[in-house]
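Novice: There's a structure below that I have some questions on.
The values are calculated or read from the model by the stated rules, or taken from the named source; none is laboratory data. Being a predicted model, the structure only gives us computed values, none of them experimental. Note that each Cβ is placed from the backbone with ideal geometry, even for glycine, and that neighbours are counted across all protein chains shown.
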Number of protein chains: 2
Amino acid sequence: MGRSYAVVGTGAIGGFYGSLLQKIGLEVHFLLHRDYEHVKQHGLAISSINGDFTLPQVNAYNNVKDMPRCDVVIIALKTTQNHLLPDLLPPLIKQGGIVLTLQNGLGIEPEIASVVGENIEILGGLCFICSNKISPGKIHHIDYGQIQLAAYGTEGITNTMRQIAADFEQASIPIQMEENLMLTRWKKLVWNIPFNGLSVVLNAKTDAIMADLHGRKMAEQLMREVVAAAAGYGLEIKESFIQQRLEDTVKMKPYLTSMKLDYDCHHPMEIEAIFGNPMRAAQQVSVPVPQMTMLYQQLKFLEARNW
Amino acid sequence: MGRSYAVVGTGAIGGFYGSLLQKIGLEVHFLLHRDYEHVKQHGLAISSINGDFTLPQVNAYNNVKDMPRCDVVIIALKTTQNHLLPDLLPPLIKQGGIVLTLQNGLGIEPEIASVVGENIEILGGLCFICSNKISPGKIHHIDYGQIQLAAYGTEGITNTMRQIAADFEQASIPIQMEENLMLTRWKKLVWNIPFNGLSVVLNAKTDAIMADLHGRKMAEQLMREVVAAAAGYGLEIKESFIQQRLEDTVKMKPYLTSMKLDYDCHHPMEIEAIFGNPMRAAQQVSVPVPQMTMLYQQLKFLEARNW
């Protein structure tokens, strides 16, 4: 029998990947909150560029105490909910189990480690996906979908990574295994920090930022600060990577970042995971990140007035 | 007979101070553009905390060629109009005349000097005033009104300064003579750069910025960059000055900055005078001003989309 999966946070990310895992016959248990009643009754429906499908029946829960312990716990909450992890994780984890967090930003795994203790392997998965929850239990997968997978606390490709990757690939989820989780996280921040932040503060999509001389300069400067901060931890990100990310962004369809969507919907933004933790990490190794800092402060200011 | 004055730009600043000078019997000539017909017919009306008054008849012009040369030319245009100065100034200036610019920002006097040539004394006046043009020819003076006056290209209190100050004081305009124009300009930027910039980018009044932990931090950081840039030119601004300006701002009535008013009215903002020139001045002496730079870029981005 295959591995069993618990999905903590059944939204655009957790609902999508969890559904694909269930679709190939794996045992998946979904934790829900607001959408619990609806999903318990009607299941999950995915409309995807790769083909639509429905799961009329899923294992839906609104309380971790009702859930079985699983081999793998996937965390797909927004990081703004991570204060709930001490309540959510311990009842779900098996002796020798695995936690896979699909969350953005920095400082995620140490927080999880402090909750689950030793003997539990933690993997980080960075999702390059464009998907939205459009109504309870209905997820629209618009584009992309790859996960970059890496192990926390050790370098290289681990056996656990290979096992998870095998499940995901069988479920038609493109996986790229990475040797260094922190490098992978900082590289993702190279894009996330400028574009999530500027899209909110300037009320702009990616194409407008890139089309404007000053918008593009700001993005590039912020990218350089991220690269400098990563270098403060001995993690090398090449100049060509910055240029490539800028060029990729020019070629993307005009894109409203997830942080801008949150802001517009008056949802909490993931400011601490994506900005606060990297900023403090840079400060800890005395790398100046003045523009990242101001963008963080601007977001905090706007968030406080967004209710 | 007293000195004759030409007022270039008869708005909230030029119209107010020019009217006070005419009120005590000095010869004043007003250059207007949009409001010319109205003011020619109806004159100027001032409603002021110091008392209302009207000037039913003023010397109004819509073309410098019709104006007499004057002893003093007051420049009260917005700096965004300074590309017009090569056409406006030469026909107005007398041999041995004086130019007094009441404009904000940096790099104003060198621009005027390049237009008027030598032998023309240039004074800078920094206005601490809250006034608005509420309709053609009607100016509402809400609060304050002092002008800090200093000479361009020389240190100390000059005779010319004393003469102008005497006229203004007779007209009940509070004048403070300053020994160092550049120091006076940089000190004004200590307030203008954070609050003009942040008020636009964050859509906030001064009180909201100061009441928010991150808003106040941003203001303070930006003030420190201005102080560092000034220090790069050997101009000392004390730490106590920053703290005093922050405390003053807390005590002010909630205030929409002039740049925010311009932005909301879709008028050009004085970005280059207040941000671009100080930023480039800092770069010239290798003082890093990363947050001033990002604020400049954000304003340029927003301005380009504000039409």
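Novice: Please verify whether the range B:234-248 includes one or more residues that are among the aromatic types (Phe, Trp, Tyr) and touching a strand residue (DSSP E or B) at 6+ places or on another chain (Cβ under 9 Å).
Specialist: Taking the range B:234-248 and keeping what is among the aromatic types (Phe, Trp, Tyr), we get B:241.
Next, only the ones that are touching a strand residue (DSSP E or B) at 6+ places or on another chain (Cβ under 9 Å) stay: none.
Scanning the range B:234-248, I find no residue that is among the aromatic types (Phe, Trp, Tyr) and touching a strand residue (DSSP E or B) at 6+ places or on another chain (Cβ under 9 Å), so the answer is no.
Novice: Take A:LEU235 and tell me if it is touching a Lys or Arg at 6+ places or on another chain (Cβ under 9 Å), closer than 27 Å to A:LEU302 by Cα and at pLDDT 95 or above.
Specialist: Numbers: touching a Lys or Arg at 6+ places or on another chain (Cβ under 9 Å): yes; closer than 27 Å to A:LEU302 by Cα: no; at pLDDT 95 or above: yes.
No, not satisfied.
Novice: Just one of A:LEU55, A:LEU77 is without any contact (Cβ under 8 Å) to a residue 40 or more places away in the chain, assigned by TED's automatic domain parsing to the domain that holds A:ALA165 and surrounded by 14 or more Cβ atoms within 10 Å (Cβ to Cβ); which is it? Before the answer, list the steps.
Specialist: On the way: A:LEU77 fails: without any contact (Cβ under 8 Å) to a residue 40 or more places away in the chain.
Going through A:LEU55, A:LEU77 in turn, the sole match is A:LEU55.
Novice: For the range B:253-270, state whether one or more residues are among the hydrophobic types (A, V, I, L, M, F, W, C), modelled with pLDDT of 95 or more, buried (at least 21 other Cβ atoms within 10 Å of the Cβ) and more than 19 Å from the chain's Cα centre (by Cα).
Specialist: no
Novice: What are the pairs, 6+ residues apart or on separate chains, where a residue within the range B:143-169 that is touching a residue at least 40 places away in the same chain (Cβ under 8 Å) and small (Gly, Ala, Ser) has its Cβ under 7 Å from a residue that is surrounded by fewer than 19 Cβ atoms within 10 Å (Cβ to Cβ) and assigned to a loop (DSSP other than H, G, I, E, B)?
Specialist: B:GLY145/B:PRO174
Novice: Would you say B:ASN132 is more than 30 Å from A:LEU299 (Cα to Cα), in contact (Cβ under 8 Å) with a residue 40 or more places away in the chain and surrounded by fewer than 18 Cβ atoms within 10 Å (Cβ to Cβ)?
Specialist: On the way: more than 30 Å from A:LEU299 (Cα to Cα): yes; in contact (Cβ under 8 Å) with a residue 40 or more places away in the chain: yes; surrounded by fewer than 18 Cβ atoms within 10 Å (Cβ to Cβ): yes.
Criteria met by B:ASN132.
Novice: What number goes with the only condition from (1) under 15 Å from the mean Cα position of the chain (by Cα); (2) away from chain B (no Cβ under 14 Å); (3) hydrophobic (A, V, I, L, M, F, W, C); (4) farther than 25 Å from A:ASP71 by Cβ that A:ILE142 does not pass?
Specialist: Of the numbered conditions (1) under 15 Å from the mean Cα position of the chain (by Cα); (2) away from chain B (no Cβ under 14 Å); (3) hydrophobic (A, V, I, L, M, F, W, C); (4) farther than 25 Å from A:ASP71 by Cβ, the odd one out for A:ILE142 is (1).
Novice: Inside the range B:80-92, can you point out the residues that are within 23 Å of B:GLN163 (Cα to Cα) and either in contact (Cβ under 8 Å) with a residue 60 or more places away in the chain or touching a His at 6+ places or on another chain (Cβ under 9 Å) (or both)?
Specialist: Listed by number, the residues that qualify are B:LEU89, B:LEU92.
Novice: Within the range B:202-215, identify whether any single residue is part of a loop (DSSP other than H, G, I, E, B) and more than 14 Å from every other protein chain (Cβ to nearest Cβ), and answer yes or no.
Specialist: no
Novice: Among B:GLN95, B:GLN103, which is the only one that is under 24 Å from B:ALA165 (Cβ atoms), out of contact with any His (no Cβ under 8 Å at 6 or more places or on another chain) and at pLDDT below 95?
Specialist: Working: B:GLN103 fails: at pLDDT below 95.
Exactly one residue qualifies, and that residue is B:GLN95.
Novice: Let me confirm something: among A:MET218, A:MET223, which residue is within 23 Å of A:GLY107 (Cβ to Cβ) and either outside the structural domain of A:LEU295 (by TED's automatic domain parsing) or surrounded by 21 or more Cβ atoms within 10 Å (Cβ to Cβ) (or both)?
Specialist: Result: A:MET223 is the single residue among A:MET218, A:MET223 that is within 23 Å of A:GLY107 (Cβ to Cβ) and either outside the structural domain of A:LEU295 (by TED's automatic domain parsing) or surrounded by 21 or more Cβ atoms within 10 Å (Cβ to Cβ) (or both).
Novice: Just checking, how many residues over the range B:216-244 are more than 14 Å from chain A (Cβ to nearest Cβ), assigned to a helix (DSSP H, G or I) and without any contact (Cβ under 8 Å) to a residue 24 or more places away in the chain?
Specialist: 4
Novice: Looking only at helices (runs of 4 or more DSSP H) that fall completely inside the range B:1-112, which ones have 1 or more residues that are under 29 Å from B:ASP143 (Cα atoms) and among the hydroxyl-bearing types (Ser, Thr, Tyr)?
Specialist: Numbers: elements: B:14-23, B:36-42, B:85-88.
Correct list: B:14-23, B:36-42.
Novice: Report yes if B:GLU247 is part of a loop (DSSP other than H, G, I, E, B), more than 30 Å from B:ILE134 (Cβ to Cβ), of a type outside the set (A, V, I, L, M, F, W, C) and away from every other protein chain (no Cβ under 14 Å), otherwise no.
Specialist: Working: part of a loop (DSSP other than H, G, I, E, B): no; more than 30 Å from B:ILE134 (Cβ to Cβ): yes; of a type outside the set (A, V, I, L, M, F, W, C): yes; away from every other protein chain (no Cβ under 14 Å): yes.
No, not satisfied.
Novice: Going residue by residue through the range A:77-86, is there one that turns out to be in contact with a helix residue (DSSP H, G or I) (Cβ under 9 Å, 6 or more places away or on another chain) and charged (D, E, K, R)?
Specialist: Yes, the range A:77-86 contains at least one residue that is in contact with a helix residue (DSSP H, G or I) (Cβ under 9 Å, 6 or more places away or on another chain) and charged (D, E, K, R).
Novice: Return a yes/no flag: does the range A:162-174 have any residue that is in contact with a helix residue (DSSP H, G or I) (Cβ under 8 Å, 6 or more places away or on another chain), aliphatic (A, V, I, L, M) and more than 14 Å from chain B (Cβ to nearest Cβ).
Specialist: For the range A:162-174, residues in contact with a helix residue (DSSP H, G or I) (Cβ under 8 Å, 6 or more places away or on another chain), aliphatic (A, V, I, L, M) and more than 14 Å from chain B (Cβ to nearest Cβ): present.
Novice: Can you tell me which residue is surrounded by the fewest Cβ atoms within 10 Å (Cβ to Cβ) among those in the range B:291-307 that are of a type outside the set (Lys, Arg) and free of Cβ contacts under 8 Å to residues at least 24 places away in the same chain? I'd like the intermediate steps shown before the answer.
Specialist: We begin by selecting, within the range B:291-307, every residue of a type outside the set (Lys, Arg); these are B:291-299, B:301-304, B:306-307.
Next cut, free of Cβ contacts under 8 Å to residues at least 24 places away in the same chain only: B:293-294, B:297, B:301, B:304.
Working: B:THR293: 23, B:MET294: 27, B:GLN297: 24, B:PHE301: 24, B:ALA304: 14.
Looking at the filtered set, the residue picked out is B:ALA304.
For (1) within 15 Å of B:THR79 (Cβ to Cβ); (2) away from chain A (no Cβ under 11 Å); (3) touching a Pro at 6+ places or on another chain (Cβ under 6 Å), each residue gets a yes or a no:
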| position | (1), (2), (3) |
| --- | --- |
| B:LYS260 | no, yes, no |
| B:PRO268 | yes, yes, no |
| B:ILE271 | yes, no, no |
| B:ILE274 | yes, yes, no |
| B:GLN284 | no, yes, no |
| B:PRO288 | no, no, no |
| B:GLN297 | no, no, no |
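Novice: Still on this structure: Testing B:ALA282 on (1) in a helix (DSSP H, G or I); (2) within 26 Å of B:CYS130 (Cα to Cα), one condition comes back false. Which one is that?
Specialist: Only one criterion in (1) in a helix (DSSP H, G or I); (2) within 26 Å of B:CYS130 (Cα to Cα) is unmet by B:ALA282, namely (2).
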